[in-house]
Amino acid sequence: MASLKELKGRIASVKSTQKITKAKQMVASAKLRKAQAAAEAARPYALRLERVMASLGSKITISDSSPKLLAGTGKDQTHLIIIATSDRGLCGAFNANIVKAARIKVRELEAAGKTVLFYLVGRKGRAVIVREFGKQIVRYYDTTALKNQGFAEAQAIAADVIKMFEDGQFDVAHLFYSKFRSALVQEPIGRQIIPVAIPEGGAAVTDAAVEYEPDEEDILAELLPRNVTTQVFGALLENAASEQGASMTAMDNATRNAGDLINNLTILYNRSRQAAITTELVEIISGAEAL
């Protein structure tokens, strides 16, 4: 059994840890409101742009002159898996869930005989991917603080990915990130961003007769890169909100666990102290009776 001094030291140590987890919970809670507002504000724009792409894409016939981001390379042998995670830990299973969803997709592609490459955004998802697929990683991109996860950063990532596509390094790109549902629920999802997937029934987006000036292909050539950038930007914002929600939940659980541990250690300390006092009293009484 640990001595009273050791128990007292452990109680003090756990209390110190509890203060840290409580403080991190409050910080995550404050950051969550801002990150959630940014993610929710970006959703309508991304959704509307997706509908515009569906409408335009459904009105043209894919040919050699069609934008490559829409028509693709004509094959789907090489797939680029873009995994967006955070640069920080202490957020529960947030990063692990994104990597898990990506690994499931990778296994499906490999089972179908496809070649898989990786583009890693953020540091926390690297360990598992490097261990299992180290030779297949073609890019690393470190995200920074939330305040720097702006549209310019999304443009840099999207431009790099588009250049790789135009250079023929891959045929299809999939983006994996965590969609923010609530502080308790973050849903890891993956979606194809290159070539742009036109949903079935895209022609039914609008029934109105629309004339495009310039023509549809010229508009698509301008909008397709912006669409990729918007998808990446939305993923970064969703990840930022999901990370803070997961961190807040994880720190709340850690604070509660620390409180339970403090209670248990306090009970053990009191029992040990009472046992020591009883032993001393027995020794004093026994010594007095011996006299």
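Let me check against my output: what whole-number percent is the relative contact order of the chain, with C-alpha pairs under 8 Å and at least 6 apart?
Values: 400 pairs, mean separation 96.2, N = 291.
Across the chain, relative contact order equals 33 percent.
Please give the peptides 177-183, 19-25 ranked by average Cβ packing (other Cβ atoms within 10 Å per residue), highest first, as a rough proxy for protection. The partial results should precede the final answer.
Values: 177-183: 20.4, 19-25: 16.0.
Result, highest mean first: 177-183, 19-25.
Please order Thr115, Thr17, Thr279 by the number of other Cβ within 10 Å, starting at the fewest.
Least crowded to most crowded, the residues run Thr279, Thr115, Thr17.
Roughly what would the spin-label model give for Val52 and Val128, points 7 Å off Cα along C-beta, in nm?
3.6 nm
Could you calculate, for the chain, the ratio of the Cα radius of gyration to the Kirkwood radius, expressed as Rg to Rh?
Taking Rg over the Kirkwood Rh, I get 1.24.
For Lys114, which sequence-distant residues (separation of 5 or more, or a different chain) have an amide H within less than 5 Å of its own amide H, given hydrogens modelled in the peptide plane?
none
Neighbouring Cβ atoms within 10 Å as the yardstick, rank Lys135, Lys8 fewest first.
Ascending number of Cβ neighbours within 10 Å: Lys135, Lys8.
From the residues Gln25, Leu56, Ala276, which one has its Cα farthest along the dipole of the chain in the positive direction, the dipole being from +1 and -1 charges on Cβ of Lys/Arg and Asp/Glu about the Cα centre?
Ala276
Ala2: net charge of surrounding residues, Cβ under 14 Å, Lys/Arg +1, Asp/Glu -1, itself excluded? List each step's numbers first, then the result.
Numbers: positive: Lys5, Lys8, Arg10, Arg271, Arg273; negative: Glu6.
Here the charged neighbours net out to +4.
Given points 7 Å out from each Cα along the Cα-Cβ axis, report the Leu261 to Ile189 separation in nanometres with one decimal.
Label-label distance for Leu261 and Ile189, simple model: 3.7 nm.
Starting from the Cα gyration tensor of the range 27-127, take the square roots of the eigenvalues, sort them a ≥ b ≥ c, and report rounded, prolate or oblate (rounded when a/c is under 1.5, otherwise prolate if a/b is larger than b/c, else oblate).
Values: a/c = 3.26, a/b = 1.31, b/c = 2.48.
Oblate, because a/c is 1.5 or more while a/b does not exceed b/c.
Dipole of the chain (Lys/Arg Cβ +1, Asp/Glu Cβ -1, origin at the Cα centre): which of Leu69, Gln169, Ile285 lies farthest to the positive side?
Result: Ile285.
Compute the angle between helix 4-57 and the longest alpha-carbon principal axis of the chain, please, reported from 0 to 90 degrees and rounded to the nearest 10.
Approximately 10 degrees, to the nearest ten.
Every number here is computed from the coordinates shown, using simple stated rules; none is lab data. It should be emphasised that the depicted structure is a prediction, and the values quoted were computed from it without experimental measurement. So basically every Cβ, Gly included, is an ideal-geometry build from the backbone, and we count neighbours across all protein chains shown.
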